[in-house]
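First comes the structure, then the notes that go with it.
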Amino acid sequence: MTEPAAAEKTPLEERLIALIKANGPITVADYMEDALGHPHDGYYSTETAIGADGDFTTAPEISQIFGELIGAWLVQSYLDMGEPKKFNLIEFGPGRGVMMADILRAASLRPQFLNAAEIWLVEKSGRLRHEQRRRLERLAAPRWTDDFHEIPPAPSLVVANEFFDCLPIRQFDRLAAGWRERLVGLSPDGTSLAFCTAPTPPLASLPLPQEAAPGAVFEFSEAAERLVADLAAMLIREGGRALIIDYGHFGGGLGDTLQAVRRHAYWQPLAAAGKADITAHVDFEALSRAAINAGAAVWGPVAQGVLLDRLGLAARAQRLSAGKSPTQVLEIERAIRRLAAPEEMGEVFKALAICAPNLPRPAGFDPP
Ligand code: SAH
């Protein structure tokens with residue numbers, strides 16, 4: 001008899017099981033980091049992640065209008081910064097390079113912007129770097145790094161779409177006895193990965209809320225908060241702005257948001273490690289706090305639908321529809337509904353602007 005498919009383990013799963021057998025459970029953050037980022041067996045190195053034939057679709061893949069409006073926001077920011085002769089245009093996690101291509105096309109109306117921009121792509125995955133190079137080589141000469149600290153200092157404009165949701169989170173469960181960290185250990189028979197609870201309380205220095213009912217789950221991402229603090233410090237020093245777009249919440253951040261997706265369907269986060277995309281909702285309140293504590297000016301978050309409307313979504317869609325067939329016009333309408341309608345991506349996706357304090361309010365971040 002052959003074993004059922006569920007018993008087949010990915011190479012990464014085998015290695016994690018052996019590691020946990022030898023050394024004990026690991027944090028959810030360590031698991032996420034390996035499952036996504038392992039250089040050989042991690043998800044971004046092995047799978048076709050993004051797009052219709054991948055596991056999930058992102059805003060820039062839905063319509064070129066998304067990247068074009070972000071391009072307009074960046075050009076306005078460049079003008080707000082006084083049109084520096086050189087600046088870094090940095091994108092975190094550019095995926096297939098679609099958004100950067102649309103940004104550059106939209107920005108071609110301002111040749112000064114394109115001439116001044118040194119394009120930096122912060123990308124870990126070799127496969128995706130290759131795809132980015134192919135898509136962008138005719139438009140620009142980008143450079144790659146996997147650590148933004150290595151980018152030579154200059155005034156900077158930074159964008160990140162669906163990047164922060166991939167950064168590792170730790171999870172904590174509220175038990176009757178208090179908070180305990182949720183860990184990744186082994187099933188009772190030792191043959192697969194399973195969640196378990198740390199036997200002892202977490203360090204008192206962790207930012208766990210005092211008031212919480214038993215059953216509550218608290219998440220936080222040290223990696224995301226550290227990155228935002230470092231970005232904020234860079235923007236204050238060099239000048240510039242960052243636009244972070246992702247799905248997530250502001251305030252009321254209790255709850256388990258760890259999720260895995262494979263082939264456009266939900267998946268068990270601990271099954272087939274390295275084969276499914278694993279993400280968590282972004283805690284925009286924590287990111288804002290990290291940026292404000294570092295001394296930056298923070299705007300938003302505003303809902304993605306609201307931001308796109310304010311940046312001219314309707315007018316842009318109308319221009320794109322001119323001269324198109326009725327089917328194409330319908331497709332454009334469907335795409336903008338997906339991007340902006342509150343029941344689609346318009347509300348759960350949010351945008352946060354982190355800015356050098358001397359700059360004016362960024363476009364689209366109107367006061368309430
Ligand atoms: N922004 C793109 C892709 C989102 S998927 C879009 O909207 O379509 C997440 C991207 O971040 C991928 O390109 C992935 O390889 C990259 N990524 C994830 N974690 C990373 C890390 N720690 N360092 C650098 N890149 C990372």
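The values are calculated or read from the model by the stated rules, or taken from the named source; none is laboratory data. Nothing here was measured: the structure is a model prediction, and the numbers come from that model. Glycine also receives a Cβ, built like all others from the backbone with ideal geometry; neighbour counts cover every protein chain displayed. Accessible surface is based on the protein model in full, side chains and every heavy atom, while ligands, DNA and RNA are left aside. Shrake-Rupley method; radii C 1.70, N 1.55, O 1.52, S 1.80 Å.
Would you tally the residues in region 169-178 being within 15 Å of V28 (Cα to Cα) and either in a strand (DSSP E or B) or charged (D, E, K, R) (or both)? If you could, list the steps in order and put the result at the bottom.
At the first step, the residues of region 169-178 found to be within 15 Å of V28 (Cα to Cα) are 169-173.
Narrowing further to those that are either in a strand (DSSP E or B) or charged (D, E, K, R) (or both): 170-173.
Within region 169-178, residues that are within 15 Å of V28 (Cα to Cα) and either in a strand (DSSP E or B) or charged (D, E, K, R) (or both) number 4.
Counting residues in region 118-132 that are over 30 Å from D41 (Cα atoms) and open to solvent by less than 70 Å² (accessible area, probe 1.4 Å) gives one or more.
Conditions: (1) at pLDDT below 95; (2) assigned to a loop (DSSP other than H, G, I, E, B). I278 meets all but one. Number of the miss? In the conditions (1) at pLDDT below 95; (2) assigned to a loop (DSSP other than H, G, I, E, B), I278 misses (2) alone.
With A303, A297 as the choices, which residue is touching a Pro at 6+ places or on another chain (Cβ under 6 Å) and open to solvent by less than 80 Å² (accessible area, probe 1.4 Å)? Being touching a Pro at 6+ places or on another chain (Cβ under 6 Å) and open to solvent by less than 80 Å² (accessible area, probe 1.4 Å) holds for just one of A303, A297, which is A297. Within region 341-368, the set of residues being in a helix (DSSP H, G or I) and open to solvent by 20 Å² or more (accessible area, probe 1.4 Å) comprises P342, E343, E344, M345. Give R319, R289 a once-over and let me know the one that is more than 16 Å from the ligand (Cβ to nearest atom), basic (K, R) and over 23 Å from the mean Cα position of the chain (by Cα). Result of the check over R319, R289: R319.
Within region 50-72, does at least one residue satisfy the condition of being farther than 30 Å from Y266 by Cβ and in a loop (DSSP other than H, G, I, E, B)?
Restricting attention to region 50-72, the residues satisfying the condition of being farther than 30 Å from Y266 by Cβ are 68, 71-72.
This time we only want the ones that are in a loop (DSSP other than H, G, I, E, B), so: none.
No, that holds for no residue.
Residues that are acidic (D, E) and more than 10 Å from the ligand (Cβ to nearest atom) number at least 1 in the following strands (runs of 3 or more DSSP E) confined to region 93-167: 117-122.
Only residues that are among the basic types (K, R) and at pLDDT below 95: list them for region 135-163, please. Step through it out loud before you land on a result.
Within region 135-163, the first condition is being among the basic types (K, R), and the residues that meet it are 135, 138, 143.
If the condition is that a residue be among the basic types (K, R) and at pLDDT below 95, then R138 is the only one that fits.
Just one of the numbered conditions (1) more than 16 Å from the ligand (Cβ to nearest atom); (2) modelled with pLDDT of 95 or more; (3) surrounded by fewer than 17 Cβ atoms within 10 Å (Cβ to Cβ); (4) closer than 30 Å to D173 by Cβ is not true of L79: (4). From the list P142, P155, the one residue that fits, being in contact with a Phe, Trp or Tyr (Cβ under 9 Å, 6 or more places away or on another chain) and farther than 27 Å from L287 by Cα, is P142.
For region 40-52, indicate whether the set of residues that are open to solvent by 20 Å² or more (accessible area, probe 1.4 Å), without any contact (Cβ under 8 Å) to a residue 12 or more places away in the chain and either in contact with a Cys (Cβ under 9 Å, 6 or more places away or on another chain) or within 14 Å of the ligand (Cβ to nearest atom) (or both) is non-empty. Yes, there is a match, as at least one residue in region 40-52 is open to solvent by 20 Å² or more (accessible area, probe 1.4 Å), without any contact (Cβ under 8 Å) to a residue 12 or more places away in the chain and either in contact with a Cys (Cβ under 9 Å, 6 or more places away or on another chain) or within 14 Å of the ligand (Cβ to nearest atom) (or both). Scanning region 54-62 for any residue that is in contact (Cβ under 8 Å) with a residue 40 or more places away in the chain, more than 9 Å from the ligand (Cβ to nearest atom), out of contact with any Ser or Thr (no Cβ under 7 Å at 6 or more places or on another chain) and open to solvent by 20 Å² or more (accessible area, probe 1.4 Å) turns up at least one such residue. Out of V302, V261, V329, one residue alone is β-branched (V, I, T) and over 18 Å from the mean Cα position of the chain (by Cα). It is V329.
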